[in-house]
Amino acid sequence: MSARVISGHPGIGPAVTAEALVARDNFSARYDLDRIKGIFSRPAHALIGESYVGKVLVLNIAKGGVATAWMLHEMQSRDMAPAALLLNYANPIIAQGAAFAAFPLMDRFETDIVDAIQTGQRVTVDPAQGTVTVAD
Amino acid sequence: MRLNDQEQAILAGEMGAIRQRALEQQIQIGDFFDAEDFVEVRQAHIMADTESLGEAGVAWLEEVATAPEAERRVLIPTITDPRGADFNAYQRINHDEAYVTLEKRADVAFRALGVLMTDTCINYQITMPPVLGEHLAMGDTGVVIYSNSVQGARTNYEGGPSALAAALTGRTPRYGFHLNEMRRGRTLIHVTDRPRELDQWGALGGLVGRMMGSYWEVPVIAGIEAPPTSDELKHFGAALASFGSTALFHMVGTTPEAPDLETVFDGEPPERSAIIGADELSAFTEAYAPADDKLDVVVFAAPQLSLIEMEALALLLKGRAVAGDVACLIATAPEVKHAADRMGLTAMMEDAGAIVLEGVCFYQMHARELGEANGWTRLMTNSAKLTNIIGGYGYEPTLASMAACVESACAGRIVR
C-alpha cells in the first residue's frame, strides 16, 4: 500500500487517523449540522444526511457564523464530533474552536484539498507537522 | 509570536491560571494565522448562547467562575450577544424549561467574570459604538462586519471562547482585519438598482456573500448614491456576513475607508467584479418562494430590531390582529425593549397578538426544538440572514418585506 503526503500550513490540535468524508461545499457547525444526530442537515449542503462523526471532514472553506467556536468542544463532549477538519481556507472561528477544543484542524495546502482526497480513504492528519498522509 | 513583558508574565502564570490558559490559546490562533504579535483591544463582545455552549461549555464557564475574583475578572469592557432564552417570556413560546435553566447557569457564571449582560447583537446602535481605528474583539458576525465596515474599527470574528480570552488578557493576536494591508478592497460590486426595503438590503448582502471565496475577500460596493440608514446597513452587513463569512465591506461614499474607488483599492485594480441589479435581487427572494401559502410563524429578528424598526412594526400592527394559528415573534435588545415599553410600542404589538422577546434572537434559542414544540415549519421573515440559517433547523423560510410579513401574520397565510 502506498501513501501520499500533502503539505499544508501547520495547524492546531493533535494528530489523528480516520476515514475521510469529502465534498466541494463549505462548513459551519450551526448552519449545516444536526449536532444531536451527528449528520449534515442543511438541505442545500452536498453532504445532506451524511454522518460526520469520527470522520476527517474535507471541505472547501469555513462559512457562516461564530457559534462553531463553541460547538466543536460541545460535540466532542458527547463523542459526536468529526475526527478532524481539513479546509482549503479556514476562518478565525474554526481556528478558535479548534484551539478551545484541542481539535485537529489544517488549511492552506499545496494543492486543492477537496480534489486531493476521496471519501472513504484513510488519512492521517498531523497538524503540528503540517502534513496529511493519504493511504491510497 | 513576539511577546512583550506583560504577555510573558501572563504566560508564566503570574496573573493566574485562567489568563495563562487564555493566552496560550490565543498564541495557537496567532501562530495559525502567522500573527507577529498581539494588539490591545478596548472592548470584547461574547457570543455564548447555551445552544452553542451546551452542557459542556456551561460547565467549563462555571469552573472558570470559581477562580479568585482577581484572576477571573475581565480586563476590558465585555458585553454579550443575544442569549438562548428570554427569562420573562419563555413560557409563552413553549421553550423547554431545561434550556432556560442552562441559560440561567451561564448567566450567573458570566456575571461572576464581570461581563455586562447586554444580550444584544446591535450593540453598535445602543451600547457604545466602536470608533474609527479602534481595535476590538467582537463576536457575532453582524457586529463584526458593522464595526469594521461602517465604523472603521478593527476586529476579526472572535468566537465565544476567543472573545472571552481577549476579555481576560486585554489583547488579541494581530492578524486579519487588524492589519492595514488586509483591509483594502479585493472585489468590486456595482449595484445598479438601490434596494428599498430592509429585506432587499439583506438580499443584496446575501448575493454579495454568496460570491465571496473566503473570509479574507473584501467586497467593495459601488453605485449606492446616498448613504443607507444604519438599519439598512445592518441588514445588508448581517446577510453578507452570514452568507459569505465576510468580516469587512466597503461602500464607496458611505463607509469611512472608502471615500473613492482608488483609495479603497489602494491603487491596485479589483481582482474581479460583478454587477447586481433588480433582476438579481428579485431572483434571490424568489428562490425562497413557498410552494403554497401555508404559514406557521412570522419572525422579526436576526439582527435584533432597533427602536426605529420597532416603531415601524408597531405602526403596521396597530389595531390589527395576528391570526390565531400563526405566531408572530419580535426579538430585540433589552434596552430597546425597555424603551419600547415606555413609549407604548410593545403594547401596540402585543395587543395585536405578537410576542416581543428581549435579549434573544430566534436562531440562537433552540429553534429546532421550538419548532417541534409548537408545530412550526413554514417561517416568514424580512431577515435574509435568518433565511440563510434557519433551513438547517428544519424550517422552510420565505423572505418578504416587513409589511408583507405583517399582512401574512394577520391573514394567517403567506401573502406576498
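Here are a few things to note about the model shown:
- Three semi-axes describe the equivalent ellipsoid of region B:184-285; taken as square roots of 5 times the Cα gyration tensor eigenvalues and ordered largest first, they are 19, 15, 13 Å.
- DSSP bridge orientation in region A:3-135 - percent antiparallel, rounded to nearest 5: 60
- Neighbours of B:Ala238, meaning other residues whose beta-carbon lies under 13 angstrom from its beta-carbon, give a summed charge of -4 when Lys and Arg score +1 and Asp and Glu score -1.
- Whole-Å distance, taken between Cα centres, linking region B:61-127 and region B:349-416: 24
- Checking the Cα-Cα distances for A:Lys55/B:Lys294; A:Lys37/B:Lys234; B:Lys294/B:Lys318; B:Lys104/B:Lys337; B:Lys104/B:Lys294; B:Lys318/B:Lys385 against a 30 Å cut-off, the pairs over it are A:Lys55/B:Lys294; A:Lys37/B:Lys234; B:Lys104/B:Lys294.
- The charge dipole of region B:184-285, taken about its Cα centre with unit charges on the Cβ of Lys, Arg, Asp and Glu (plus for the first two, minus for the last two), comes to roughly 240 debye.
- Separation of region A:5-60 from region B:289-336 is 35 Å, based on Cα centroids.
- Rounded, prolate or oblate (a/c below 1.5 giving rounded, otherwise prolate when a/b exceeds b/c) for the protein assembly as shown by Cα gyration tensor: rounded
- Beta-bridge orientation, the protein assembly as shown: approximately 35 percent antiparallel, per DSSP, counting only bridges with both partners inside.
- Per-residue Cβ neighbour rank within 10 angstrom, fewest leading, B:Thr255, A:Thr124, B:Thr141: A:Thr124, B:Thr255, B:Thr141
- Among B:Ala226, A:His9, B:Met349 the positive-end extreme of the charge dipole of the protein assembly as shown (Cβ point charges): B:Met349
- Chain B: most fluctuating residue of B:Asp325, B:Asp231, B:Asp296 per GNM, C-alpha cutoff 10 Å: B:Asp325
- Anisotropy class of region B:275-346 from Cα gyration tensor, a/c 1.5 cut: oblate
- Both the radius of gyration and Dmax for region B:237-284 are 12.7, 34 Å, in that order, over alpha-carbon atoms.
- ³J(HN,Hα) computed for each position of region B:85-101 - Karplus, 6.51 cos²θ - 1.76 cosθ + 1.60, integer Hz, glycine/proline x: 7, 8, 4, 8, 10, 4, 5, 5, 10, 6, 7, 4, 4, 4, 5, 5, 5
- Of the residues B:Val108, B:Val298, B:Val58, the one that moves most in a GNM of chain B with alpha-carbon contacts below 10 Å is B:Val108.
- Residue (of B:Val143, B:Asn88, B:Pro303) at the positive-pole extreme of the protein assembly as shown, dipole from beta-carbon charges: B:Asn88
- Given +1 at the Cβ of Lys and Arg, -1 at the Cβ of Asp and Glu and no other charges, the dipole of region B:5-180 around its Cα centre is 400 debye to the nearest 20.
- The GNM of chain B, with springs linking C-alpha atoms under 10 angstrom apart, assigns the highest mean-square fluctuation among B:Pro256, B:Pro219, B:Pro269 to B:Pro269.
- Taking a ≥ b ≥ c as the square roots of the Cα gyration tensor eigenvalues, chain B comes out oblate, since a/c reaches at least 1.5 and a/b does not exceed b/c.
- Summed side-chain charge close to B:Ile145 - residues other than B:Ile145 whose Cβ falls under 12 Å, Lys, Arg +1, Asp, Glu -1: +1
- Beta bridges per DSSP, both residues in region B:5-180: antiparallel share near 30 percent.
- Summed residue charge, Cβ within 14 Å of A:Ala99's Cβ, Lys/Arg positive, Asp/Glu negative: -3
- Test item: Cα-centred dipole of the protein assembly as shown, Lys/Arg +1 and Asp/Glu -1 on Cβ, debye: 300
Every number in this text was worked out from the coordinates using simple rules, so none of it is lab data. Note that the coordinates shown come from a computational prediction; the quantities given were computed from them, not determined experimentally. Methodologically, a virtual Cβ is constructed for each residue, glycine included, from the backbone with ideal geometry; neighbour enumeration extends over all protein chains shown.
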